[in-house]
Amino acid sequence: METPISKDHIEWVIPKPTLNDLSSSSSDIDNDIDLMLNHLQPYFPPSLLQNNFSVNQIKSRLAPDKVSDPSQRVRAAIRSCLKDETNQLEFVRLYQNSISVRFNEFFANFYNSMPTAQLVFLDYFHIIKTITTYYNSSLIHLNLSPLARNLCTRNINSLFYSNLIIRQNSKNSEQSQHQEDTYFLQSLREFLDVYVFKNTLANPFSDNSVNLIDIFTTLISINLNKDINQLLIQLSIQKIKSFIIANCSGIWDKPLLETITEFIQNEIYPNFSIIASYSADLNLTNSVNNVYLYDLIKLAQLELVSLRIKEIYSIILYYPNSSDGLYELYQCLSTKFNHHHYNQTPDQSHHSTNLINDITNLSNFSYLANYSLKSQAYQRAKLVDTFVDLCHKNLLHSGANTVDVITTYTKTIKSFLIIDPKGVLLDKVVRPIRRYLKTREDIIIKIVHGLLDDDESSNELIELAKELRRAKAKTSKKRSVVEDSLDMNWVPDPIDALPDFKKGKVSDIIESLISIFDSNEIFINEFTKLFGQRLVNLHNYDVTDIEERLNLLKLRFGKNEFTTLDIMIKDIKESKVLNKKLTARSGIQAPNFHTSILSHLFWPTVLENLSENDNFNLPPEINIKFEAYNSDYTSYMKGRSLKFLPSLGSVKIELSFNNKITQNFEVTPDRAAIISLFDDNSSELSVDFISKKLNMSPYMVSKGLSFWVKEGVLLELTKTLFIVNEDDAEEDVLHSASIPSAATLANSGSDKSINLKFKELEVLWPYLKSMLENISYLKFERVKTLLKLTVPKDKFDFGTIDDSKLEDYLDWLVDEEKLEITQQSYKLKE
Amino acid sequence: MKVKIVEWHGFSTWHWKLAADGDANSSAYVDELCGICRVAFDGTCPNCKYPGDDCPIVLGSGCTHNFHLHCIVKWLEQDTSKGLCPMCRQIFTYKESYPDMTEELANLKTLIDGHRVMRERYTEDNQEFEAFEEET
């Protein structure tokens with residue numbers, strides 16, 4: 001027999017004394033001892049000791065053999081041998097050693113010869129049952145004193161324990177002993193799994209083939225209740241875990257805690273409590289079993305929290321649909337389960353720790369080790385860490401869109417306030433996001449627009465606008481230290497708060513975004529810019545909307561921060577009043593001119609963008625009106641005068657063509673000034689002329705002209721010459737009515753203008769054609785001279801056009817696919 | 001084609017006319033500052049929020065120096081100013097271009113008058129003193 005255990009080696013050399021040693025000694029009661037020993041032989045169930053003992057035999061469930069009833073003589077021998085307790089104890093010690101030899105032999109043989117993996121629990125149970133019955137029946141006849149008997153049972157139990165639980169299959173190395181269950185435990189686990197948990201019948205004991213009560217009492221009788229408990233707890237945890245993973249992952253939009261509690265109450269707990277009541281200490285009362293229920297629910301909650309921690313980033317992105325899930329996370333993280341329980345039933349408190357103790361006892365099982373760590377504080381920290389990690393991975397990199405980051409940021413704030421209303425976790429979580437946002441260049445603009453744009457479709461950060469409006473209700477008051485010390489309900493910051501934790505700073509979304517930057521000024525400037533632009537684009541002088549927003553902003557940023565904007569709004573308001581007054585005062589004043597009067601030092605964002613280029617001449621009509629307005633103004637506002645800003649504002653004009661068709665436009669002043677030069681003027685105007693006349697840069701002029709060409713009002717004769725599109729006006733109007741696309745308008749306009757442009761040159765085509773039919777290839781210079789020679793003077797005068805125009809015409813013919821150009825020579829297209 | 005301007009919404013800026021024949025379109029004076037508070041005339045004195053009517057300017061008539069009304073009033077309220085222009089030390093008077101006298105302007109007028117009275121009294125005293133000296 002080879003075993004790696006050194007103790008066995010020692011015993012190999014110095015064997016423990018067994019009952020066999022007794023028979024060799026000579027004494028008066030030799031006879032009696034022999035008789036008794038004969039009776040007790042072979043110290044082990046004979047049916048199990050057969051050499052060819054096989055799996056099939058176990059499977060066939062051989063009847064447990066009992067020690068045959070002793071004869072009268074043997075009884076007498078036993079009585080005489082085991083007269084007093086000292087003898088009994090001595091006997092038990094020896095008997096135990098004999099048994100132990102057999103036991104070890106049997107199990108060594110058993111593990112070596114049996115395909116243990118094939119055995120199910122019931123096979124093991126059968127062996128156990130056989131052995132226990134055997135010993136029980138033999139012990140009955142020995143009439144041992146309680147002490148000796150107790151000692152005997154304990155010894156047998158420990159033999160079972162060492163052989164079933166501790167003894168490892170020889171394949172397993174020593175250090176893995178604690179990691180893996182023995183085959184026995186594995187089979188016991190499977191058994192429990194099948195019969196206790198899978199069997200969801202109301203009464204699992206109804207299964208006739210397996211007498212569970214017998215099994216458990218037997219197991220408990222050999223002192224395995226601790227192991228049963230361990231396995232039960234492990235299994236329950238596994239069940240709960242898989243239930244939660246199967247039923248809760250990805251589901252955040254409905255409450256689940258109740259389902260889980262129900263599951264535990266209906267599926268896990270009934271069977272659990274029955275087994276537990278068998279295996280637990282006898283003095284545990286029924287009510288104590290409820291403690292297990294609480295603990296199981298608590299375990300389930302821990303499990304749910306671990307799951308949610310893994311999902312936290314997605315949950316937050318899913319907000320507000322995930323608010324139910326978030327609320328349950330809050331419940332799980334905040335319930336003080338055990339404390340609550342202790343307080344309610346103080347008399348049970350010493351029991352209620354049982355399961356937890358069992359679990360902590362199990363901490364040598366690696367996968368259970370987590371549980372002891374899963375205190376709330378640990379989970380809170382883990383939640384924060386996981387979320388921050390995921391944020392870095394998914395969001396806080398240079399590829400992210402600022403709007404997305406802000407949206408996530410606001411969702412984070414709201415979600416974490418549900419998880420932890422005190423805001424401590426939030427405070428920790430938002431720090432990296434805030435640091436990141438600070439580095440984004442466009443954040444200010446995004447926030448400012450988000451705050452002010454009420455249009456749901458265009459504003460990706462509509463949340464901010466809503467939040468700003470909501471702020472109207474609550475007055476933001478900043479709490480000072482003094483106020484804190486006067487607050488009777490004051491409580492200290494939570495223990496895991498960072499030193500500079502301030503709840504207000506993070507819990508309010510807008511405040512939280514604003515406070516990313518140290519100074520408000522950067523926001524104020526952006527607001528001023530934005531509002532300035534809006535005020536300039538305002539045409540009805542109605543500032544109520546802007547004023548309302550400004551008031552909302554003032555609540556946030558402080559009343560005195562918006563001086564410039566106040567002045568800007570006042571300017572517009574006063575302009576409105578003044579326009580009315582001046583119009584009323586001078587009856588001559590036509591109502592078609594009015595102006596917004598700006599305090600020029602306070603419109604930096606608008607006026608700084610103006611350059612000399614914007615200082616073009618107004619149409620005379622308007623200039624006269626402005627001068628009149630100005631003199632009225634001076635007489636009304638003593639000591640002041642106006643300076644006109646020609647490029648700002650908007651103009652409504654009405655164009656009426658010769659064919660009685662009128663078109664209305666609302667355009668910028670520069671375009672209006674350009675088109676008014678064509679008023680009553682059917683001749684073409686050049687860019688240079690317009691530029692000089694209006695004192696406008698040629699670039700601006702061509703831009704304005706191309707606008708009117710696009711609108712179909714003007715025709716582009718050449719790149720620099722433009723004329724009113726009188727003839728085609730009607731068609732174009734129809735055109736623009738039917739096809740609103742600007743691009744098509746532009747195309748049709750330019751095509752026609754080219755057509756028209758070359759109309760005069762059209763006469764050249766027959767000459768050109770016959771020329772190229774005779775001489776296949778011609779360079780431009782040759783084309784020109786030949787045309788000059790062939791075309792009669794009365795048909796076309798070459799003096800009126802320049803070379804470039806002729807070249808343009810030829811190129812146009814190429815475009816029209818009438819000609820071909822190869823190596824700067826023209827030829828007819830075949 | 002006829003072009004009819006239906007409505008022209010223009011933008012303009014207002015400026016104080018500083019010189020008598022102030023050309024509204026010359027931008028040369030736009031940046032001119034009040035000699036007391038060193039803020040542009042088209043801005044406000046340090047105590048005002050809104051420029052324009054709320055914080056008018058005063059044009060000097062004795063000298064060519066102009067100030068925010070509030071600034072010059074503050075200056076003249078001090079006895080040590082002796083009613084003189086803080087820039088050139090000439091007796092400060094202003095162009096009464098406003099037909100309707102505001103309270104503030106009235107205040108300014110009182111101050112200037114007060115200083116004039118003081119000056120007159122002082123010169124009277126001096127004359128008496130000189131006369132007395134001559135006698136001795």
_Residues with amide H under 5 Å from that of A:S650, placed H, sequence gap 5 or more_ = B:H9
*For A:S596, which sequence-distant residues (separation of 5 or more, or a different chain) have an amide H within less than 5 Å of its own amide H, given hydrogens modelled in the peptide plane?*
B:G10, B:F11, B:S12
*Whole-Hz ³J(HN,Hα) from phi, Karplus 6.51 cos²θ - 1.76 cosθ + 1.60, for the range A:667-682, glycine and proline x*: 10, 6, x, 5, 5, 4, 5, 5, 5, 5, 5, 8, 4, 6, 10, 8
*Measuring from a point 7 Å past the Cα of A:E820 along Cα-to-C-beta, which residues in the range A:760-785 have an amide N at less than 18 Å?*
A:769-780
*Per residue of A:644-650, how many C-beta atoms from partner chains lie within 10 Å of its own C-beta, taken as a mean?*
4
_Please give me, ordered by residue number, the trypsin sites (Lys or Arg not before Pro) of the range A:371-475 that lie in loop per DSSP and have at most 11 other Cβ atoms within 10 Å._
A:K472, A:K474
*How high is the FRET efficiency between A:Q238 and A:S323 when r is their beta carbon distance and R₀ equals 41 Å, given to the nearest 0.05?*
0.85
*Area accessible to solvent at A:Y269, 1.4 Å probe radius, in Å²*: 30 Å²
_Sparse-neighbourhood loop sites, chymotrypsin sites (Phe, Trp or Tyr not before Pro) in the range A:503-582 - DSSP loop, at most 16 other Cβ within 10 angstrom_ = A:F517
*Would you mind calculating the gained length between A:N617 and A:Y699 on full extension (0.36 nm times residue separation, minus the Cα-Cα distance), in nm to one decimal?*
28.0 nm
_With the crude spin-label approximation of a point 7 Å out along Cα→Cβ, what separation in nm comes out for A:A246 versus A:K559?_
6.5 nm
*Label point 7 Å beyond Cα of A:E773 along Cβ direction - residues of the range A:787-811 with amide nitrogen under 19 Å*: A:787-792
*Go through the range A:621-641 and flag every residue whose accessible area shrinks by 10 Å² or more with all protein chains in place compared to the isolated chain (probe 1.4 Å).*
A:E621, A:I622, A:T634, A:M637, A:K638, A:G639, A:R640, A:S641
*May I ask which of A:K573/B:K74; A:K576/A:K693; A:K759/A:K795 have a Cα-Cα span longer than 24 Å here?*
A:K573/B:K74; A:K576/A:K693
*Using only alpha carbon pairs under 8 Å that are at least six residues apart, calculate the relative contact order of the range A:760-828 and give it in whole percent.*
44 percent
*asked:* Students often get this wrong, so check it: of A:K466/A:K559; A:K660/B:K4; A:K625/A:K703; A:K438/A:K559, which have C-alpha atoms separated by over 18 Å?
replied: A:K466/A:K559; A:K625/A:K703; A:K438/A:K559
_Using a 1.4 Å probe and counting only protein heavy atoms, how much accessible surface gets buried when B and A come together, both sides summed, in Å² to the nearest 100?_
4500 Å²
*Residue-by-residue Karplus 3J(HN,Hα) for the range A:440-450, coefficients 6.51, -1.76, 1.60, Hz, glycine and proline x*: 7, 6, 8, 4, 4, 4, 4, 5, 4, 5, x
_Two-decimal Rg to Rh for the range A:760-828 - Kirkwood Rh, Cα set_ = 0.92
*For a quick protection proxy, order the peptides B:113-119, A:157-163, A:257-263 by their average other-Cβ count within 10 Å, most packed first.*
A:157-163, A:257-263, B:113-119
*Give me the accessible area of A:I444, 1.4 Å probe, in Å² rounded to the nearest 10.*
10 Å²
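The values are calculated or read from the model by the stated rules, or taken from the named source; none is laboratory data. Because the structure is a prediction, the values reported are computed rather than measured. Note that we place each Cβ from the backbone using ideal geometry, even for glycine, and neighbour counts take in every protein chain shown. Keep in mind that these areas ignore ligands, DNA and RNA; they rest on the heavy atoms of the full protein, side chains included. Shrake-Rupley method; radii C 1.70, N 1.55, O 1.52, S 1.80 Å.
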